[in-house]
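Contents: one structure, followed by commentary.
The values are calculated or read from the model by the stated rules, or taken from the named source; none is laboratory data. No experiment lies behind these values; they were computed from the predicted model shown. Heads up, the Cβs are rebuilt from the backbone with ideal geometry, glycines too, and the neighbour counts pull from every protein chain shown.
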Amino acid sequence: MTPFEFLFPYSMEEALCLLDTDDPGVRPVGGATAVMLMMKAGVLRPTRLVSLQQVGAQHARVAVNAAGELEIGALACLARVEHDPVVRARWPMLAHAMQGVANPRVRAVATLGGNLSHADPHLDMPPVLAALGARVVLASRRGTRTVAAADLCTGYYETVIRPGELLVQVIVPPQAGPGAYFKMTTRAAHDWPALGIAVVLQMQGEQVAAARLFTGAATDRPTALAAAQAVLVAEGLGDAALARAAEAAAAEAPVMADAHGSAAYKRQLLRVGLQRAVRNALRRQGSHA
């Protein structure tokens, strides 16, 4: 293994200074779950790893702000979010989706900021947070900027995060209505998904006032299913409408083939998965789960 620096800054400001370089081999490390796998595979040969574990507990806190939004520090581990009682009560879709991410050992270590920054299209959190209308805060030595979670990933392992920037916070607005995340895997339930579908419905009585549908894993980034959303708003949630929405989703999504299945196979998964995700959302609303 090529030698590299492993540094432990004691503040976010110090970390940002250490990351402010044009060297592509300089990387931040949160829980290190993805970085270690990439190094073992020979994909990443760092010159410097900057650990964020000592920059301050405030960057791992989970709290509700004065506007009623959920603020999650980027260093909060996935298990911390999964088990938070406020998240479970007021953002049930997020808490439920966390339960299916990898396994308990990984969730106890992996951070939400690292998960999103990694931008693997098979990850569960990017489409979930996109459907929830979340925002992410990016910080550098020059200041901060806020980006919609739906716009964070731009392609396979690619994001809008600039050199010298860190994702430091995730802000999730109140869950607008019933929601669910549904994924299909080729092997065990905790395996990488062949398809993920996140849905949030804003209801007015029995009518769908607005819908947010995002797919992941089948596409190279979280992808909004605008045509399917329009069908649900115009036609409702009956079986025929769901079938038409599923066909619209299969037609519009830029599905990609990979080791988890062909494009044709994933389009069929999308037809099935969209309908199940919507029904799961409605069922959880009825049971207050």
Output for the stretch 222-242, where each listed residue is in contact with a helix residue (DSSP H, G or I) (Cβ under 7 Å, 6 or more places away or on another chain), part of a helix (DSSP H, G or I) and either farther than 14 Å from residue 211 by Cα or not hydrophobic (A, V, I, L, M, F, W, C) (or both): 235
Among residues belonging to the stretch 144-170 that are of a type in the set (Val, Ile, Thr) and touching a helix residue (DSSP H, G or I) at 6+ places or on another chain (Cβ under 9 Å), point out the one that is surrounded by the fewest Cβ atoms within 10 Å (Cβ to Cβ). 160
From 177, 164, grab the single residue that is within 16 Å of residue 94 (Cα to Cα) and either out of contact with any Asp or Glu (no Cβ under 8 Å at 6 or more places or on another chain) or in the same structural domain as residue 90 (by TED's automatic domain parsing) (or both). 177
If residue 217 satisfies all but one of (1) at positive phi; (2) surrounded by 14 or more Cβ atoms within 10 Å (Cβ to Cβ); (3) without any contact (Cβ under 8 Å) to a residue 24 or more places away in the chain, what's the number of the condition it fails? (3)
Test residue 50 against the criterion of being more than 21 Å from the chain's Cα centre (by Cα) and surrounded by 16 or more Cβ atoms within 10 Å (Cβ to Cβ), and give yes or no. yes
Going through (1) over 13 Å from residue 113 (Cα atoms); (2) assigned by TED's automatic domain parsing to the domain that holds residue 146; (3) buried (at least 16 other Cβ atoms within 10 Å of the Cβ); (4) in contact with a Lys or Arg (Cβ under 9 Å, 6 or more places away or on another chain) one by one, residue 90 fails only at (4)
For the stretch 1-45, what are the residues that are in a loop (DSSP other than H, G, I, E, B), more than 26 Å from the chain's Cα centre (by Cα) and not hydroxyl-bearing (Ser, Thr, Tyr)? 1, 3, 4, 8, 9, 22, 23
Number of the condition not met by residue 156 [criteria: (1) closer than 19 Å to residue 119 by Cβ; (2) out of contact with any Leu (no Cβ under 6 Å at 6 or more places or on another chain); (3) modelled with pLDDT of 95 or more; (4) not charged (D, E, K, R)]: (3)
Picking from 224, 211, 234, the residue that is without any contact (Cβ under 8 Å) to a residue 24 or more places away in the chain, on the phi < 0 side of the Ramachandran plot and surrounded by fewer than 20 Cβ atoms within 10 Å (Cβ to Cβ) would be 234
Verdict on residue 255 being crowded, with 20+ Cβ neighbours inside 10 Å, modelled with pLDDT of 95 or more and more than 20 Å from residue 97 (Cα to Cα): yes
Cβ-Cβ distance below 9 Å, separation of 6 or more or different chains: which pairs start in the stretch 106-128 with a residue that is free of Cβ contacts under 8 Å to residues at least 24 places away in the same chain and end on one that is surrounded by 24 or more Cβ atoms within 10 Å (Cβ to Cβ) and not in a loop (DSSP other than H, G, I, E, B)? none
